[in-house]
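Since every read-out is calculated from the coordinates, none of them should be taken as a lab result. Because the structure is a prediction, the values reported are computed rather than measured. Backbone-built Cβ (ideal geometry, glycine too); neighbour counts: all protein chains shown.
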Amino acid sequence: MTETATPKPAKRPVASVPAAEVVADGTGSGGRTAIADVVVSKIAEIATREIPGVHALGGGAARAVGMLRDRIPGSKTNLSQGVSVEVGETQAAVDIELVAEYGVSIAELAAAIRANVISAVERMTGLQVTEVNISVTDVHLDGDDDDDEDAAETTEPRVR
């Protein structure tokens with residue numbers, strides 16, 4: 001009995017995946033899908049902002065830089081401000097820094113954010129979210145506006 005050898009298909013060159021990208025392929029066949037870290041970060045940011053009680057993302061310095069960036073004509077808003085991610089081949093971890101509205105239960109807010117971020121990232125990317133760490137850096141009061149400087153300029157001076 002003789003065996004016939006079947007020819008092996010020629011290997012196609014595969015583009016290397018940059019370190020900032022991850023391969024998320026739930027099917028295991030038909031190719032590879034590369035997802036950049038910034039994609040996961042933006043998904044997490046949008047999912048966080050969907051939850052009522054989130055006033056702003058980022059700490060004080062990040063928000064100040066963001067306000068300056070927004071005032072530059074032609075600049076784009078940084079959608080991933082206050083969100084950092086660590087992405088592996090099949091998993092992701094998300095860290096969120098935010099300012100909560102006064103009166104909102106921070107424990108309930110964190111639970112709602114965590115559930116929404118996990119759902120959105122896993123649904124859209126196929127990555128398993130291992131953890132969502134939430135850091136509440138401040139509480140926003142109704143009288144506290146980020147535009148206090150602008151309000152001071154529009155009011156009349158106290159002395160003439």
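Under 9 Å from the Cβ of Val85, count the other residues' Cβ atoms, weight Lys and Arg +1, Asp and Glu -1, and hand me the total. Don't skip to the answer; put the middle values down first.
On the way: positive: none; negative: Asp37, Glu86, Asp95.
Here the count lands on -3.
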Worksheet item: Thr33 versus Ile46, label points 7 Å from Cα toward the beta carbon: distance in nm?
Response: 1.5
Discussion item. Can you compute the modelled spin-label distance between Ala107 and Ser119, with each label point 7 Å from Cα toward Cβ, in nm?
Written reply: 2.2
Discussion item. For Ile134, what residues show an amide H to amide H distance below 5 Å, using hydrogens built from the backbone and excluding near sequence neighbours?
Written reply: Ile96
